[in-house]
Amino acid sequence: MNVTSSLLFHLDIPLLYGKKLEPYYYIPENRMNDLQVGGFVYLVDKLVLSKEIHYGGILYQITNESFHLGSGVVSREELAKKYHFFYRMKITKIQHALVLLDNLQK
């Protein structure tokens, strides 16, 4: 789900984070298994009044129990309880060319 101001409002995330999170996708807990390694991750606090945004770095390994990010290991349980997960796939040159071609066909 693309990040929009209405999504940030619905998740109770400050709109100040909008510019930073705009190129990212919000990943709900039930879609975590669909992620691929190599993407960039932001974590935003959940269920606290003063939310902070944390840059997780590159997602480089996914196991049954945890996600291994550039900033450290985060368990699936901790993610579900404490953070909203925002993800952006690393765009290679060929992926960028495919996106441009797709935009030309529309």
*Just one of (1) hydrophobic (A, V, I, L, M, F, W, C); (2) at pLDDT 90 or above; (3) touching a helix residue (DSSP H, G or I) at 6+ places or on another chain (Cβ under 9 Å) trips up L47, so point out which.*
(2)
*Collect the residues in segment 36-71 that are among the hydroxyl-bearing types (S, T, Y), within 10 Å of F85 (Cβ to Cβ) and not in a strand (DSSP E or B), keeping them in residue-number order.*
none
*Residue check: is V48 out of contact with any Pro (no Cβ under 8 Å at 6 or more places or on another chain) and either exposed (fewer than 14 other Cβ atoms within 10 Å of the Cβ) or among the small types (G, A, S) (or both)?*
yes
*asked:* Quick check on G39: is it out of contact with any Asp or Glu (no Cβ under 8 Å at 6 or more places or on another chain), small (G, A, S) and either surrounded by fewer than 17 Cβ atoms within 10 Å (Cβ to Cβ) or modelled with pLDDT of 90 or more (or both)?
replied: no
*Only residues that are surrounded by 12 or more Cβ atoms within 10 Å (Cβ to Cβ) and either among the polar types (S, T, N, Q) or more than 16 Å from V44 (Cβ to Cβ) (or both): list them for segment 54-72, please.*
I58, Y60, I62, S66, H68, G70, S71
*For segment 81-93, which residues satisfy the criterion of being surrounded by 12 or more Cβ atoms within 10 Å (Cβ to Cβ) and modelled with pLDDT under 90?*
M89, K90, I91
_For segment 1-35, which positions are touching a residue at least 60 places away in the same chain (Cβ under 8 Å), part of a loop (DSSP other than H, G, I, E, B) and either touching a Leu at 6+ places or on another chain (Cβ under 9 Å) or within 18 Å of K51 (Cα to Cα) (or both)?_
V3, L11, I13, Y24
*Across segment 43-68, what is the total count of residues that are hydroxyl-bearing (S, T, Y) and in contact with a Lys or Arg (Cβ under 7 Å, 6 or more places away or on another chain)?*
1
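The values are calculated or read from the model by the stated rules, or taken from the named source; none is laboratory data. Quantities reported herein were computed from a predicted structural model and do not represent experimental measurements. All Cβ positions, glycine included, derive from the backbone under ideal geometry; neighbour counts span all protein chains shown.
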